[in-house]
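Have a look at the structure below, then the notes.
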Amino acid sequence: MSEILSKTENIVKKSKALGAEEVIAKTVASRNRQVRFSNSQIDTSLSWNFYVTDVVMSWKKRVVATQIANFQKVDSTLKRLFELAQVSKENPAHGGFAKGKFNYPKNKTDKTIDNLDNPAELVFEAIEAAKKEAGPKTNSGGIFYANTSDVYQVSSEGPAGTDHRSSVELSIRAFSEKEASGHAVECGSTLKGFNAARAGKKAGEIARQAKNPKPGAEGKFDVIFDPLFSGSLLGMWGVMASAYYVMVQLSIFVDKLTQKVASENVTLIDVPGAYSMSHRLFDDEGAPTRENVIIEKGVLKTYLHNTSTAKIFKTATTGNAGIVSPTPWNLEMDPGKMNKEELIKEVKHGLYLTNTWYTRFQNQATGDFSTIPRDGIFQIENGEIKQSLKNIRISDNALKMLNNVVEVSRERQHVHWWVEADPPSLSPYILMKDVQITTSK
């Protein structure tokens, strides 16, 4: 047993000795690299390491949690945490943590991420690719982030294991004019196949096409969503599949298990696969992660569960804990048969939207929400992109939009953007009918 795993196990033993009924301790040894840039220049370049241990205790259905940095002040921190449990209110929904011994497969990080000498070179590759597409005066900004983590997790209920995770992502936003921008991302679990210039090229292409935007019009339109925008939609639908959100009536999927909730073109799966930034062997309770089909050809097949929600719904955990709220790890939408160009040709009068932000719900239970498209917004007429637009908003319903998916592309992109497209996803272009567009008046 490694020294870190042994220290993590010792935290569990000490917590039990204090009187805690259940304990989970998870230590993450993380190595991080970050480069921030604006106006096509590097602003900051940072690297840092840290050790932090998350501790969760339960006692008579009281659940409390804290963090311990670098295994410092363990005894006093655990004592205070248990005292907090004793004066906390009971959580009647707590059904315990995952129990049993599990054999996890082996997982490795991409060591080339740790050995990355000059991540700024990748940033400049993206910046130059954007300039090549949108012109030498193009200004670009964004962030590059790389991480490798060793995860040591021990539960008093039996699960214990080690995981090794890595991720790398680049987000670049390019401006060809003040009101003409394009945003693109490149991300994954390894530097193999990572192409910073590809993100810069796409951001530059969108910024070039977005020049001279005109105010958009209100109405219902057929809309093609870029994978970056689709990732935001997948995240919205995937999070609502959490049994916790269903339980507290903040989901469009309440009482809809085994029912049709989307068009037959929609198959949505949670896949913590090796390619993804959020790949993992086990969840926060130590239950093995797995592939979970959320929606299959339009039919809602499962909610995402931890042990507590699974007991309430009289089923088994899906390996998606979140101690409080189960969560999707990495969402995939099954591909369709058309490519992007073929989807555009299908649209007689509509829009191509590349990104969004400020997604806000007016009523999360019914799914009424609005979101503001940003960066490239394009009018499509008779199967061709004709005009760049601005100042529009989507004001629609999450459940209705699921049912209005006409087609998805066979191309898919692994996307993540912390502002909106989270959790990570493998997203296609989505063609959707009758999307409600409003404008600022």
| Unmet criterion (only one of (1) in a helix (DSSP H, G or I); (2) farther than 30 Å from Lys106 by Cβ) for Gly235 | (2)
| said: Show me the strands (runs of 3 or more DSSP E) found entirely inside region 275-369 where at least 2 residues are among the hydroxyl-bearing types (Ser, Thr, Tyr) and open to solvent by 20 Å² or more (accessible area, probe 1.4 Å). | reply: 349-363
| Identity of the residue in region 127-173, of a type in the set (Val, Ile, Thr) and closer than 29 Å to Ile206 by Cβ, that ends up most open to solvent (accessible area, probe 1.4 Å) | Ile143
| Does Leu331 satisfy being closer than 19 Å to Pro424 by Cα and in contact with a helix residue (DSSP H, G or I) (Cβ under 6 Å, 6 or more places away or on another chain)? | yes
| remark: Apart from one, (1) open to solvent by 30 Å² or more (accessible area, probe 1.4 Å); (2) within 21 Å of the chain's Cα centre (by Cα); (3) modelled with pLDDT of 95 or more all hold for Ala197; the odd one out is (2)
| request: May I ask you to list pairs of residues, at least six apart or on different chains, whose Cβ atoms are under 6 Å apart, with the first in region 120-143 being closer than 10 Å to Val35 by Cβ and the second being open to solvent by less than 50 Å² (accessible area, probe 1.4 Å) and among the hydroxyl-bearing types (Ser, Thr, Tyr)? | output: Gly142/Ser171; Ile143/Ser171
| note | Note: among Arg393, Arg410, just one is modelled with pLDDT of 95 or more and either part of a helix (DSSP H, G or I) or crowded, with 18+ Cβ neighbours inside 10 Å (or both), namely Arg393
| request: Filter region 33-74 down to the residues that are more than 27 Å from the chain's Cα centre (by Cα) and within 19 Å of Glu3 (Cα to Cα), then identify the one that is least open to solvent (accessible area, probe 1.4 Å). | output: Val74
| field | Selection from region 94-112 of residues that are open to solvent by 70 Å² or more (accessible area, probe 1.4 Å), in contact (Cβ under 8 Å) with a residue 40 or more places away in the chain and closer than 30 Å to Leu191 by Cβ | value | Pro105, Lys108, Thr112
| remark: Within region 1-32, residues being within 24 Å of the chain's Cα centre (by Cα) and open to solvent by 50 Å² or more (accessible area, probe 1.4 Å) number 1
| Filter result (at negative phi and open to solvent by 10 Å² or more (accessible area, probe 1.4 Å)) within region 432-441 | Lys433, Gln436, Thr438, Thr439, Ser440, Lys441
| request: Would you tally the residues in region 75-93 being open to solvent by less than 70 Å² (accessible area, probe 1.4 Å) and at pLDDT 95 or above? | output: 7
| field | Checklist (1) within 30 Å of Phe175 (Cα to Cα); (2) touching a residue at least 40 places away in the same chain (Cβ under 8 Å) applied to Thr53, failing item | value | (1)
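The values are calculated or read from the model by the stated rules, or taken from the named source; none is laboratory data. Predicted model, so just to flag it, every value in this text is computed and none were measured. Counting neighbours? That spans all protein chains shown, and the Cβs are built from the backbone with ideal geometry, glycine included. SASA here: full protein model, heavy atoms, side chains in, ligands and nucleic acids out. Shrake-Rupley method; radii C 1.70, N 1.55, O 1.52, S 1.80 Å.
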